[in-house]
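Take a look at the structure below.
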Amino acid sequence: MKRKKVIEIKDPQLQKIRNNLRLMWISAVNSIVGGYLDEQRNLLRNRMNSFEMDQYAKLVRKNEKLRRIVNRSICKCLVCQKADRDMVFNPITKVWFCVHCYELNREYYKHTKDARFYP
Ligand SMILES: [Zn+2]
């Protein structure tokens, strides 16, 4: 997306559905991340050979990738981590913020040289 986009849902029932879908998705990702962390812990129990060290590095990369996807998704705010709010997409940073955090940042940076980061 190249423009600022605000996604707001007014209907409380639709908000509830949205929030539950977000939590289900986050929970599914956390479950995968937990599996990777278990595998990492198992590898750390003994002295690792080069194959195991490669496996460990791959697991770290997979975890980082999943966390980055979740943190940049519309499902939760990068700043406050809340998953039950209306969201704003920042086209400069390519990250979703909740409306509250976005406005706080925008107000904070309004009179600085970094104001362009919050259109
Ligand atoms: Zn927030």
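Please treat every number below as a calculation from the coordinates, not as lab data. Please read these numbers as outputs of a predicted model, since none were measured by experiment. For neighbour counting, all protein chains shown are included, and Cβ atoms are generated from backbone atoms with ideal geometry for every residue, glycine included.
Some points to look at:
- Options Gln40, Asn20, Ile69, ranked by Cα towards positive dipole end of the chain, top entry (Cβ charges): Ile69
- Highest mean first, the peptides 67-76, 81-90 sorted by other C-beta atoms within 10 Å per residue fall in the order 81-90, 67-76.
- Whole-Hz ³J(HN,Hα) from phi, Karplus 6.51 cos²θ - 1.76 cosθ + 1.60, for the range 77-82, glycine and proline x: 6, 5, 7, 8, 6, 6
- Net charge in the neighbourhood of Pro12 (other residues with Cβ under 13 Å of its Cβ; Lys, Arg +1, Asp, Glu -1) is -1.
- Greater than 21 Å apart at Cα, pairs in Lys62/Lys82; Lys16/Lys82; Lys10/Lys94; Lys4/Lys76; Lys82/Lys110: Lys62/Lys82; Lys10/Lys94; Lys82/Lys110
- Of the residues Ala83, His100, Ala57, the one whose Cα sits farthest towards the positive end of the charge dipole of the chain is His100 (charges of +1 on Lys and Arg Cβ, -1 on Asp and Glu Cβ, taken about the Cα centre).
- Charge tally in the Cβ shell below 15 Å around Cys98, where Lys, Arg are +1 and Asp, Glu are -1, Cys98 excluded: +4
- Extension gain for Ala115 to Asn42 (0.36 nm times residue separation, less C-alpha to C-alpha distance): 21.6 nm.
- Theoretical FRET efficiency, 1/(1+(r/R0)^6), r = Cβ-Cβ of Phe51 and Ala28, R0 30 Å, to 0.05: 0.55
- In a simple Cβ point-charge model (Lys, Arg +1; Asp, Glu -1; nothing else charged), the chain has a dipole of about 380 debye relative to its Cα centre.
- The value obtained for the chain, namely the Cα convex hull volume divided by the number of residues, is 133 Å³ per residue.
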